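Report on the structure given below.
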């Protein structure tokens with residue numbers, strides 16, 4: 001039950017732009033003003049080592065408190081305080097080590113530090129494994145009496161009640177200790193995939209639209225997919241997927257092993273299925289997951305119309321998968337520097353109030369963001385951080401408008417963390433990913449609204465409208481397709497149907513046909529897209545993007561309409577952190593996600609956007 005902040009990773013699939021350079025810069029060649037300041041966590045590795053040794057010394061003492069938890073409310077409070085203090089530092093050690101590696105995965109010293117931190121997490125989980133089983137030995141009525149009789153336990157009310165909810169799925173102290181010791185081995189599939197995906201995999205060079213040979217990277221891939229030159233798009237698509245094709249057997253094994261790991265833990269903990277085990281942590285009913293898939297499946301006509309519109313706008317006889325990301329607005333030059341993005345994003349967030357934008361400015365100026373891609377750096381974008389310091393943002397910024405959206409997306413995560421840490425004790429600050437995407441997507445919607453209101457260039461407005469459509473496609477439709485893929489492959493594994501390269505690819509092929517419709521060619525190589533999606537190693541994660549988008553659409557609509565209490569409710573939601581279950585927090589903010597209505601309403605917005613784009617392009 002260790003509390004390690006969940007990583008906030010954007011689904012970084014939208015197009016990027018690269019500079020015309022032949023090779024990535026090394027870390028040391030990037031100006032320090034564009035690097036995050038990990039020194040705010042640890043000034044030196046020596047300080048990290050001091051904390052590491054301190055935790056190693058404290059763990060046996062904490063373990064020795066086993067058996068004393070029921071002595072009195074005061075003792076229960078003392079143990080929980082000790083646990084919170086201990087795990088807060090373990091989290092800090094782990095996150096620092098992980099981020100140190102993320103800035104350069106080729107650095108073997110950083111890899112070694114992360115290995116030690118990961119081992120420490122497992123050790124801490126082992127030494128604290130008695131805590132939950134012993135809490136569960138306390139009868140529910142007696143536990144409630146303990147909470148009421150000592151105000152010292154007020155910070156732990158939700159934590160203790162949530163543990164009590166898990167009674168049927170928590171094992172004995174000895175069994176929990178064994179499971180804790182399995183932690184490092186259980187993470188191996190994800191770690192192996194991560195090293196293949198971020199360090200070992202190498203892509204061939206391709207020629208850009210000027211005929212210059214350029215080293216292919218995952219970050220640059222998306223830029224090529226936005227190229228007006230269809231040959232470049234096709235070459236990039238084939239270069240990427242033929243490279244993954246060479247690793248298909250290894251990656252299918254890592255994915256299958258990861259799912260088998262989930263199945264092992266769900267069975268041991270007496271859950272009926274992997275999906276019920278995954279959703280239980282959020283206290284979310286399976287109906288939320290099923291409602292999403294059913295609502296999107298019943299509203300695919302708008303997506304089919306969008307594909308048909310895209311085919312006409314691009315004037316191609318056949319629409320291919322490598323035609324999905326090129327803007328349908330021709331001759332648009334929408335480059336934007338990082339400095340310009342900062343100013344524009346900050347301005348777009350003004351509807352959230354001065355305290356919000358002041359904190360954003362503080363972060364952008366204060367070493368929160370690691371801006372540019374460098375050799376060995378983890379791809380994509382995320383926001384992360386520990387309780388004791390400010391949040392951080394990893395990016396791989398290129399000078400294009402889409403990366404302004406990525407910046408505001410990650411700032412949404414960062415500000416959620418900022419408000420939660422500021423207003424909640426450690427034990428209640430960490431919020432669930434179920435609600436995390438609300439803050440990031442709401443920021444993107446506010447930026448979209450700002451640009452549509454302020455841009456003078458009609459073509460740029462159309463570009464932003466197209467971008468908004470792509471947000472819907474990528475976040476609602478695509479993530480729901482991912483969610484359905486996960487549900488199918490987990491069901492197959494649970495029914496002992498082997499997950500081979502062929503079966504995984506066939507399932508993925510059929511889902512692409514279903515979600516994209518008759519006006520697009522499902523290129524055979526796209527059948528392997530599952531092999532490059534890291535989110536599949538965090539099972540039943542991606543559906544939260546689609547739920548989050550639908551929720552953010554509802555909340556942003558209230559904020560932009562100027563509803564009197566919309567901003568205050570939203571800031572209160574951010575400040576609540578993990579003090580309650582996600583569904584309850586969202587209900588207080590004004591959205592009920594147990595109903596399919598938020599998803600249906602979001603899809604109505606998408607349909608209207610398709611209408612607007614058809615009218616604007618006279619198609």
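The values are calculated or read from the model by the stated rules, or taken from the named source; none is laboratory data. Small disclaimer: the values here were computed from a predicted structure and weren't measured. Note that we place each Cβ from the backbone using ideal geometry, even for glycine, and neighbour counts take in every protein chain shown.
Going residue by residue through the range 8-20, is there one that turns out to be modelled with pLDDT of 90 or more, on the phi < 0 side of the Ramachandran plot and not in a helix (DSSP H, G or I)?
At the first step, the residues of the range 8-20 found to be modelled with pLDDT of 90 or more are none.
Checking the range 8-20: not a single residue is modelled with pLDDT of 90 or more, on the phi < 0 side of the Ramachandran plot and not in a helix (DSSP H, G or I).
Taking into account only those residues within the range 481-506 that are in a helix (DSSP H, G or I) and over 26 Å from the mean Cα position of the chain (by Cα), which is surrounded by the most Cβ atoms within 10 Å (Cβ to Cβ)? Explain how you work it out, then say what you get.
Taking the range 481-506 and keeping what is in a helix (DSSP H, G or I), we get 481-494, 501-506.
Pick out the ones that are also over 26 Å from the mean Cα position of the chain (by Cα) and you get 502-503, 506.
Details: 502: 12, 503: 16, 506: 12.
The extreme case among them is 503.
Looking at the range 199-268, the helices (runs of 4 or more DSSP H) lying wholly inside it that each contain 1 or more residues that are in contact with a strand residue (DSSP E or B) (Cβ under 9 Å, 6 or more places away or on another chain) sit at 218-224, 230-246. Of all residues in the range 293-308, those satisfying the criterion of being in contact with a helix residue (DSSP H, G or I) (Cβ under 8 Å, 6 or more places away or on another chain) and part of a loop (DSSP other than H, G, I, E, B) are 299, 300. Within the range 58-78, the residues that satisfy the criterion of being crowded, with 18+ Cβ neighbours inside 10 Å, at pLDDT below 95 and part of a helix (DSSP H, G or I) are 76, 77. Under the condition of being under 11 Å from the mean Cα position of the chain (by Cα) and either surrounded by fewer than 22 Cβ atoms within 10 Å (Cβ to Cβ) or farther than 26 Å from residue 543 by Cβ (or both), the residues counted in the range 424-437 number 2.
Output yes when any residue across the range 344-363 is under 17 Å from the mean Cα position of the chain (by Cα), over 19 Å from residue 441 (Cβ atoms) and either surrounded by 20 or more Cβ atoms within 10 Å (Cβ to Cβ) or without any contact (Cβ under 8 Å) to a residue 12 or more places away in the chain (or both), and no when none is.
Within the range 344-363, none of the residues are under 17 Å from the mean Cα position of the chain (by Cα), over 19 Å from residue 441 (Cβ atoms) and either surrounded by 20 or more Cβ atoms within 10 Å (Cβ to Cβ) or without any contact (Cβ under 8 Å) to a residue 12 or more places away in the chain (or both).
The set of residues in the range 311-351 being farther than 26 Å from residue 410 by Cβ and out of contact with any helix residue (DSSP H, G or I) (no Cβ under 9 Å at 6 or more places or on another chain) consists of 315 alone.
Checked against (1) crowded, with 23+ Cβ neighbours inside 10 Å; (2) over 30 Å from residue 159 (Cβ atoms), residue 379 passes all but condition (1). Taking the listed residues 462, 499, the one that is in contact (Cβ under 8 Å) with a residue 40 or more places away in the chain and farther than 26 Å from residue 608 by Cβ is 499, with no other qualifying. Do we have residue 155 as in contact (Cβ under 8 Å) with a residue 60 or more places away in the chain and more than 22 Å from residue 538 (Cβ to Cβ) here? Judged against the criteria, residue 155 is a match.
Looking across 547, 522, 513, 559, one residue alone is more than 16 Å from residue 434 (Cβ to Cβ) and under 25 Å from the mean Cα position of the chain (by Cα). It is 559.
Against the numbered list (1) over 24 Å from residue 580 (Cβ atoms); (2) at pLDDT below 95; (3) within 23 Å of the chain's Cα centre (by Cα); (4) surrounded by fewer than 23 Cβ atoms within 10 Å (Cβ to Cβ), residue 475 comes up short only at (4). If you check 421, 399, 443 for being surrounded by fewer than 24 Cβ atoms within 10 Å (Cβ to Cβ) and part of a helix (DSSP H, G or I), only one passes: 421.
Would you check which residues across the range 125-149 are part of a loop (DSSP other than H, G, I, E, B) and surrounded by 15 or more Cβ atoms within 10 Å (Cβ to Cβ) and list them?
Initial filter on the range 125-149 (part of a loop (DSSP other than H, G, I, E, B)): 128-130, 138-139.
If the condition is that a residue be part of a loop (DSSP other than H, G, I, E, B) and surrounded by 15 or more Cβ atoms within 10 Å (Cβ to Cβ), then 128, 129, 130, 138 are the ones that fit.
Looking across the range 562-592, the residues that are in a loop (DSSP other than H, G, I, E, B), at pLDDT 95 or above and more than 23 Å from residue 360 (Cα to Cα) come down to 579, 580, 581. Looking at this structure, is residue 461 over 25 Å from the mean Cα position of the chain (by Cα) and outside any helix (DSSP H, G or I)? The answer is no for residue 461.
Residue 34 fulfils the conditions (1) under 30 Å from residue 545 (Cα atoms); (2) modelled with pLDDT under 90; (3) surrounded by fewer than 16 Cβ atoms within 10 Å (Cβ to Cβ) except for a single criterion, (2). For the range 164-173, does any single residue satisfy the condition of being without any contact (Cβ under 8 Å) to a residue 40 or more places away in the chain, part of a helix (DSSP H, G or I), surrounded by 15 or more Cβ atoms within 10 Å (Cβ to Cβ) and under 30 Å from the mean Cα position of the chain (by Cα)? Yes, that holds for at least one residue.
Return the pair list, or none, for Cβ contacts closer than 8 Å from residues in the range 563-577 that are without any contact (Cβ under 8 Å) to a residue 40 or more places away in the chain to residues that are surrounded by fewer than 22 Cβ atoms within 10 Å (Cβ to Cβ) and in a loop (DSSP other than H, G, I, E, B), at least 6 apart or on different chains. Listed pairs, sorted by first residue: 566/590; 569/590.
Is there a residue in the range 549-556 that is assigned to a helix (DSSP H, G or I) and over 18 Å from residue 595 (Cβ atoms)? Walk me through how you get there before you give the answer.
Initially, the range 549-556 is screened for residues assigned to a helix (DSSP H, G or I), giving 549-556.
Still in the running and over 18 Å from residue 595 (Cβ atoms): 556.
Yes.
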